[in-house]
Amino acid sequence: MTGQETASALTQGGRNDRMRIRAAWMYFVEQMTQNDIADVLGVGRVTVVRMLAEARSRNEVKIAIEGELSETVGLERQLEGMFGIDEAIVAPISDPAADPIPSISAATGAFLSEAMKPGMTVGVGWGRTLFASLATINSRSLSDFNVISLLGGVSRVRRFNPAEFAWRFAQTFQGEGYLIPAPAVVDSRATRDALITRCGIQEIFDMADTLDAVVVSVGGIDSATTFYRGGFLTEEQRQELADRGAVGDLLFHFYDRYGELIEHAINDRVMSVDVDRIRRAPLRIMASGGADKAEAMLGAMRLVQPTVLITDEHSARSLLRNGAERPAVE
């Protein structure tokens with residue numbers, strides 16, 4: 001099955017199928033009570049009873065749990081336990097060499113379709129995965145819904161420009177969009193400070209203090225990331241960051257495998273909401289995957305401490321292997 005076919009199957013299956021299989025897994029494999037399952041899934045006990053009955057009627061439960069999502073549910077539960085996150089969503093993908101973005105973006109779109117609520121203020125990042133998720137989000141009108149781009153614009157990579165994603169995400173829910181009207185990276189710290197204090201950007205940063213949710217992705221340091229292609233990072237700077245232990249970036253904040261930010265002069269020139277503000281959001285959604293991002297994802301789990309992780313099954317296994325060799329997220 002190709003990545004596009006897997007993404008389509010995942011979208012058609014829908015969140016109800018995932019919830020039902022998760023409930024069956026927790027009840028029959030982990031032997032959790034129906035009340036405990038209801039608490040974990042955020043539903044009523046009657047709903048859990050109904051889902052378990054439906055799983056039986058579909059022959060998804062015999063002596064063991066069957067169904068195409070049962071293996072991914074096991075990975076999800078392991079990720080939740082290892083990293084202390086509220087929910088892991090693992091998108092199935094049969095070929096390890098296939099591009100995981102279609103599957104991850106479909107799962108991301110399905111989750112965002114239900115997670116976004118009226119009255120929310122949501123900070124968003126950028127990248128191929130998030131941009132592709134727009135096609136799978138169910139558009140609807142949400143009252144008093146605000147979207148904030150968490151970093152400035154990128155002029156050379158127009159399709160994946162942070163401003164473009166934030167604007168289209170806001171339009172999907174007929175909300176208001178707020179952008180950082182500046183390049184993603186400026187020439188000096190003095191320019192950055194002047195733009196924030198004198199050009200109205202401080203208001204955007206202040207709004208980021210009370211975010212209800214953030215939606216972000218991560219980039220790997222070794223690949224030719226969007227950041228590198230955008231002309232903001234020279235090869236010499238990229239190598240300097242790698243030599244200092246950088247494994248990836250989140251909103252142009254470079255960090256190591258332990259989730260510690262790397263000391264580098266470029267940090268003073270980035271027009272991006274800082275990590276502390278991102279971590280204060282009660283709902284922190286991280287969607288990412290791919291063999292080239294194994295170390296970057298591990299570091300980001302500690303850096304951002306997401307409450308929801310959306311990835312593919314091969315990245316999930318890699319994250320579990322690497323996580324077992326590192327200190328667990330506190």
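Can you tell me which residue in segment 265-287 is surrounded by the fewest Cβ atoms within 10 Å (Cβ to Cβ), limited to those that are part of a loop (DSSP other than H, G, I, E, B) and out of contact with any helix residue (DSSP H, G or I) (no Cβ under 6 Å at 6 or more places or on another chain)? Spell out the reasoning first.
Residues of segment 265-287 that are part of a loop (DSSP other than H, G, I, E, B), as a first pass: 271, 273-274, 281-282.
Applying the additional criterion that residues be out of contact with any helix residue (DSSP H, G or I) (no Cβ under 6 Å at 6 or more places or on another chain) yields 271, 274, 281-282.
Values: 271: 25, 274: 15, 281: 23, 282: 9.
Only one residue tops the list, namely 282.
Within segment 289-303, at least one residue is touching an Asp or Glu at 6+ places or on another chain (Cβ under 9 Å), more than 21 Å from residue 87 (Cα to Cα) and not hydroxyl-bearing (Ser, Thr, Tyr). Residue by residue through segment 22-49, note down the ones that are open to solvent by less than 50 Å² (accessible area, probe 1.4 Å) and within 18 Å of residue 77 (Cα to Cα). 22, 23, 24, 26, 32, 34, 37, 38, 41, 43, 48 - these are the residues of segment 22-49 that are open to solvent by less than 50 Å² (accessible area, probe 1.4 Å) and within 18 Å of residue 77 (Cα to Cα).
Only one of 295, 325 is free of Cβ contacts under 8 Å to residues at least 40 places away in the same chain and either charged (D, E, K, R) or open to solvent by 60 Å² or more (accessible area, probe 1.4 Å) (or both). Can you tell me which? Let's see the steps before the verdict.
Working: 295 fails: free of Cβ contacts under 8 Å to residues at least 40 places away in the same chain.
Checking each option against the conditions leaves just 325.
Inspection of segment 50-63 identifies no residue that is touching a Gly at 6+ places or on another chain (Cβ under 6 Å), in a helix (DSSP H, G or I) and surrounded by 17 or more Cβ atoms within 10 Å (Cβ to Cβ).
Please pick out the residue among 163, 182, 132 that is of a type in the set (A, V, I, L, M, F, W, C) and more than 16 Å from residue 217 (Cα to Cα).
Working: 163 fails: more than 16 Å from residue 217 (Cα to Cα); 132 fails: more than 16 Å from residue 217 (Cα to Cα).
Result: 182 is the single residue among 163, 182, 132 that is of a type in the set (A, V, I, L, M, F, W, C) and more than 16 Å from residue 217 (Cα to Cα).
Here the condition is being at pLDDT 90 or above, closer than 21 Å to residue 320 by Cα and out of contact with any Asp or Glu (no Cβ under 6 Å at 6 or more places or on another chain); of 250, 241, it holds for 250 alone. Between 280, 269, 238, 244, the distinction of being touching a Leu at 6+ places or on another chain (Cβ under 8 Å) and among the charged types (D, E, K, R) belongs to 280 only. Scanning segment 230-282 for residues that are among the β-branched types (Val, Ile, Thr) and in contact (Cβ under 8 Å) with a residue 24 or more places away in the chain yields 247, 266, 270, 273, 275, 278. Of 312, 212, 256, all but one fail to be open to solvent by less than 10 Å² (accessible area, probe 1.4 Å), acidic (Asp, Glu) and at pLDDT 90 or above; the exception is 312. The listed residues are 261, 320, and the only one of them that is open to solvent by 10 Å² or more (accessible area, probe 1.4 Å) and more than 25 Å from residue 239 (Cβ to Cβ) turns out to be 320. Suppose the filter is over 30 Å from residue 117 (Cβ atoms), modelled with pLDDT under 85 and either open to solvent by 70 Å² or more (accessible area, probe 1.4 Å) or assigned to a helix (DSSP H, G or I) (or both); does residue 227 pass it? So residue 227 fits the description; yes.
Residue 306 satisfies every condition listed in (1) open to solvent by less than 40 Å² (accessible area, probe 1.4 Å); (2) in contact with a helix residue (DSSP H, G or I) (Cβ under 7 Å, 6 or more places away or on another chain); (3) outside any helix (DSSP H, G or I) except (2).
Hey, does segment 84-98 have a residue that's part of a helix (DSSP H, G or I) and buried (at least 19 other Cβ atoms within 10 Å of the Cβ)? Please lay out each step first, then the result.
Within segment 84-98, the subset part of a helix (DSSP H, G or I) is none.
Checked segment 84-98: no residue is part of a helix (DSSP H, G or I) and buried (at least 19 other Cβ atoms within 10 Å of the Cβ).
Given the condition in contact (Cβ under 8 Å) with a residue 24 or more places away in the chain, within 19 Å of residue 284 (Cα to Cα) and in a loop (DSSP other than H, G, I, E, B), answer yes or no: does some residue in segment 198-211 qualify?
Going through segment 198-211, the residues in contact (Cβ under 8 Å) with a residue 24 or more places away in the chain turn out to be 201, 204-205, 207-211.
Narrowing further to those that are within 19 Å of residue 284 (Cα to Cα): 204-205, 207-211.
If we keep only those that are in a loop (DSSP other than H, G, I, E, B) as well, we get 211.
Checking segment 198-211: at least one residue is in contact (Cβ under 8 Å) with a residue 24 or more places away in the chain, within 19 Å of residue 284 (Cα to Cα) and in a loop (DSSP other than H, G, I, E, B).
The values are calculated or read from the model by the stated rules, or taken from the named source; none is laboratory data. The model shown is predicted, which means the values in this text are computed figures rather than measured ones. Ideal geometry is used to build each Cβ from the backbone, glycine not excepted, and the neighbour counts take in all protein chains shown. Just the protein is used for accessible areas: all its heavy atoms, side chains included, with ligands, DNA and RNA removed. Shrake-Rupley method; radii C 1.70, N 1.55, O 1.52, S 1.80 Å.
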